[in-house]
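The values are calculated or read from the model by the stated rules, or taken from the named source; none is laboratory data. The shown structure was predicted, so the numbers you read here are calculated from the model rather than taken from an experiment. Here the Cβ positions follow ideal geometry from the backbone for every residue, glycine too, while neighbour counts run over all protein chains shown.
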């Protein structure tokens, strides 16, 4: 337990007893509160001795800033935390820094806490919050509620359902679930071991140790059963924590979590996901009842949002508007951070406050005393949420608030916890009068976390509330009329790891298109050193632990070192962050904004600080209004700002030309192409055969392509699907309707003329997209049938479409117009061209895997919209499409003598068939070819070996060496392409050693990660050094290139 740190000169408690140490005046039940008392007496750094082991405590803001330096210190798993490893193993919370599973699990699970994921969890959080409200309603005017116990029930059910689809049913049970009882006993025992006397303790506690072992075994068995059931269900989604653990590969090396680590992570999240949040809620309620002025202000905030609504059902965005409620929670966490202490270990020889500390030695950060440092102002014991007003937060040192730890290993789920807590706290104070009839005096109970012990409240329903303001008044929108000058380019660049900023950038680009700009959305790295000066640049960026996101690292590095004159560049920055991560909040957006300005670029509007822990949507909307006003002022067409027609004409005449899909085609820039042939490539009579079609398509005059390019197709919905919509709503498909979008947005259907309902449903809308949680809520609200309504309300997510849900719930009274509002415009689909531009310059070919199978409702057949559409086209039919260029990295080498290795499975063969055609043309022209290996995975050589005769002929001619792998007809243990690659290790290494390039096309979820592992194994056998670094080097040099999609 010793730190071995030189404690000479550090203050320590009086009355130290030899051998035993500093135990006088302390209690084994209140170690944190004892340490707080000593900190008040001894100062911001002191030492305590326990049976000869010294532990150093730090709490001063300046000292904590030092140990928060990630270049000098890292997380330390202190003995008190290490004891929990008997339950949680190498989970995120308890893993040692040297254990690889921490980083692997962190990277795999990080998407579970993205903004999109948080939105997905919200309906379940609301469902469980409603359970607590229903339970508390039964206590109104009758009996008190046990606050901490009920908060634990709520937070445990929430993490169980959102993370693992497991319902503890805590509010339906008189006693806690057996799993919870075992978990609580196990945690209590682990903490009790910290108080165990040496030598004699293990003897006295033998029975408790045996019970702990039984509890640990039981916890493991329950979790293993949950995991087993998920696996057996066939569910391969990654929509929750368990789905990510089971099915998501590591974003870099493609590896997955092993079963033991999955169990450890599940238990870790169940511990951390309910213990800390329940404590924060309990303390917040305590301080609210003791501070009526604060409570009144918080209730005014929720009343302004929900008014007299009896049981509001807050949306995700509404929770973000509860800024003062969030401040209440933060102030409660300041006074009593439920995870009250964390340890930091020196990773280099350094100092703390001038005291030396060697690499490997560690200290304990005492968060409650850090939160009472002088930087928090006067009267630090007072409960004052205004400490978290934005201006005061900005003025405070960034490392002064640490309720969730610090650095990369801080709590990964803090935003989850705070959203859940804000939602519930807002609902409670809106509904109830909180009656402190017992005149409760705070007594803090210490276990793994802190909670108010014995805290009870009586409840009464509130009868007087402030009326909510009308929704229309919540946002004062000022729009600048007009459109951009024709040809003005708007470049929207994003820095995004989890997709949030990327989605925002694309949305801004779409809005720019609606305002007349030619908009481009791209990663920041694509514009490194080449920011455009012919139009505005908008940067949408986040930070990752204070560093640039993966797609912005090169750009930021360039910007930091650049001396370029950017005076011709005009820019705006939208920064996205979470204010709870104060140390790194808005770090990269701020840095980019300041650096662009310092290099002479013109700032169009002030940087936006969009806070994911606050009203993110409101922040962005308000900033966007100002942005568009400024952009149209600077770049607008003055003739388009105001259109005044002073003529006395009765009519405006608009000439409509082209097909009924003209506006849709213009959006996607597609035109008609003619099908020359459409043939089956697979023996579909075989049980192993899954249809794959070979389409030959004539290019229009003036359209060309390069080998490896893509064809983008806009499909039509099948007639039977359209007929089902008509049957459900009783529609006359030949009825003509006029669709006039009321908003300029790409979310609206692009239609420029009246159309029949048949045309509308066939050409313009997606009919098979899964219904979203919000759409399910709408269906439930429109359903007067209690059983159907209840079933829909219980449904949080589904693979079924709106139409399928409507067919299953015939009582639903959704109007056809509302159905149309809920549908997305039909999307274009992308296919790799499978022909050679050298052999067939005026004709392209496709390999299309036809998606079909049993209906998702259990009756009939399901068909993928685009593949089914393409499969039914006949010679002479036309489709609407365009040619899109492939990435330059995915082109064949300019020198045909360069060795190439092609790897694919199924329809992933498409671009390589084109490359092989190019090699044949080059060989016929007398050019020397380098070695060419084509690894191709299919099921059976006699069933789905696509273009077999053609490829075998190319092999006979010396164009390529085919290396097929048959998953249902193994040869010498080779089942998949990765097996064949590994078996050919010597030959593959020889090709790579002479400058060879690797191309991978196909399934990015299963095949591509396995192929990467196969190449790394070859390097381990033939090369030297780190295999991942070697592969990363190939990728950086564009010698290992993937064109893959989610499988």
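Determine whether residue 577 is more than 30 Å from residue 408 (Cα to Cα), buried (at least 21 other Cβ atoms within 10 Å of the Cβ), at pLDDT below 90 and touching a strand residue (DSSP E or B) at 6+ places or on another chain (Cβ under 7 Å). So residue 577 does not fit the description; no.
May I ask you to verify whether residue 582 is closer than 30 Å to residue 420 by Cα, surrounded by fewer than 21 Cβ atoms within 10 Å (Cβ to Cβ), in contact with a helix residue (DSSP H, G or I) (Cβ under 8 Å, 6 or more places away or on another chain) and at pLDDT below 90? So residue 582 passes the test.
Being at pLDDT 95 or above and touching a strand residue (DSSP E or B) at 6+ places or on another chain (Cβ under 6 Å): is that true of residue 520 here? Don't jump to the end; show me each part of the working.
Values: at pLDDT 95 or above: no; touching a strand residue (DSSP E or B) at 6+ places or on another chain (Cβ under 6 Å): yes.
No: the conditions fail for residue 520.
On the basis of being surrounded by fewer than 17 Cβ atoms within 10 Å (Cβ to Cβ), assigned by TED's automatic domain parsing to the domain that holds residue 244 and closer than 19 Å to residue 125 by Cα, does residue 317 make the cut? Break it down stepwise before answering.
Details: surrounded by fewer than 17 Cβ atoms within 10 Å (Cβ to Cβ): yes; assigned by TED's automatic domain parsing to the domain that holds residue 244: yes; closer than 19 Å to residue 125 by Cα: yes.
Against the criterion (surrounded by fewer than 17 Cβ atoms within 10 Å (Cβ to Cβ), assigned by TED's automatic domain parsing to the domain that holds residue 244 and closer than 19 Å to residue 125 by Cα), residue 317 qualifies.
In this entry, residue 998 passes the filter for residues that are part of a strand (DSSP E or B), modelled with pLDDT of 95 or more and buried (at least 18 other Cβ atoms within 10 Å of the Cβ). The residue pairs whose first member lies in segment 223-248 and is farther than 23 Å from residue 1004 by Cβ, whose second member is surrounded by fewer than 18 Cβ atoms within 10 Å (Cβ to Cβ), and whose beta carbons are closer than 9 Å, counting only pairs six or more residues apart or on different chains, are 224/259; 227/259. Among all positions in segment 230-242, there is at least one residue which is within 18 Å of the chain's Cα centre (by Cα), modelled with pLDDT of 85 or more, in a helix (DSSP H, G or I) and crowded, with 19+ Cβ neighbours inside 10 Å.
When residue 193 is tested against (1) modelled with pLDDT of 85 or more; (2) crowded, with 17+ Cβ neighbours inside 10 Å; (3) over 25 Å from residue 257 (Cα atoms), exactly one condition is not met: (1).
Please enumerate the residues belonging to segment 87-104 that are surrounded by 17 or more Cβ atoms within 10 Å (Cβ to Cβ) and part of a helix (DSSP H, G or I).
Filtering segment 87-104 down to residues surrounded by 17 or more Cβ atoms within 10 Å (Cβ to Cβ) leaves 87-95, 101-102, 104.
Within segment 87-104, 87, 88, 101, 102, 104 qualify.
Residues are listed down the side, and each one gets a yes or a no for (1) out of contact with any helix residue (DSSP H, G or I) (no Cβ under 9 Å at 6 or more places or on another chain); (2) closer than 21 Å to residue 444 by Cβ; (3) not in a strand (DSSP E or B):
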| site | (1), (2), (3) |
| --- | --- |
| 5 | yes, no, yes |
| 13 | no, yes, yes |
| 38 | yes, yes, yes |
| 48 | no, yes, no |
| 56 | yes, no, no |
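Taking the criterion of being closer than 20 Å to residue 671 by Cβ and outside any strand (DSSP E or B), would at least one residue in segment 721-744 satisfy it? Within segment 721-744 (the criterion being closer than 20 Å to residue 671 by Cβ and outside any strand (DSSP E or B)), the answer is no, since none of the residues qualifies.
Look at (1) out of contact with any helix residue (DSSP H, G or I) (no Cβ under 6 Å at 6 or more places or on another chain); (2) more than 17 Å from residue 719 (Cα to Cα) and you find that residue 863 fails only one, number (2).
Rundown of residues vs (1) at pLDDT 80 or above; (2) crowded, with 16+ Cβ neighbours inside 10 Å; (3) in contact with a helix residue (DSSP H, G or I) (Cβ under 7 Å, 6 or more places away or on another chain); (4) assigned to a helix (DSSP H, G or I), yes/no style:
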site	(1), (2), (3), (4)
163	yes, yes, yes, yes
207	no, no, no, yes
218	yes, yes, yes, yes
228	yes, no, no, yes
270	yes, yes, yes, yes
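Taking the criterion of being at pLDDT below 95 and over 24 Å from residue 102 (Cβ atoms), would at least one residue in segment 403-410 satisfy it? Within segment 403-410, not a single residue is at pLDDT below 95 and over 24 Å from residue 102 (Cβ atoms).
Within segment 134-146, being assigned to a helix (DSSP H, G or I) and either touching a strand residue (DSSP E or B) at 6+ places or on another chain (Cβ under 9 Å) or buried (at least 19 other Cβ atoms within 10 Å of the Cβ) (or both) holds for 135, 136, 137.
Can you confirm whether segment 715-733 contains a residue that is surrounded by 20 or more Cβ atoms within 10 Å (Cβ to Cβ), within 29 Å of residue 505 (Cα to Cα) and not assigned by TED's automatic domain parsing to the domain that holds residue 945? Yes, segment 715-733 contains at least one residue that is surrounded by 20 or more Cβ atoms within 10 Å (Cβ to Cβ), within 29 Å of residue 505 (Cα to Cα) and not assigned by TED's automatic domain parsing to the domain that holds residue 945.
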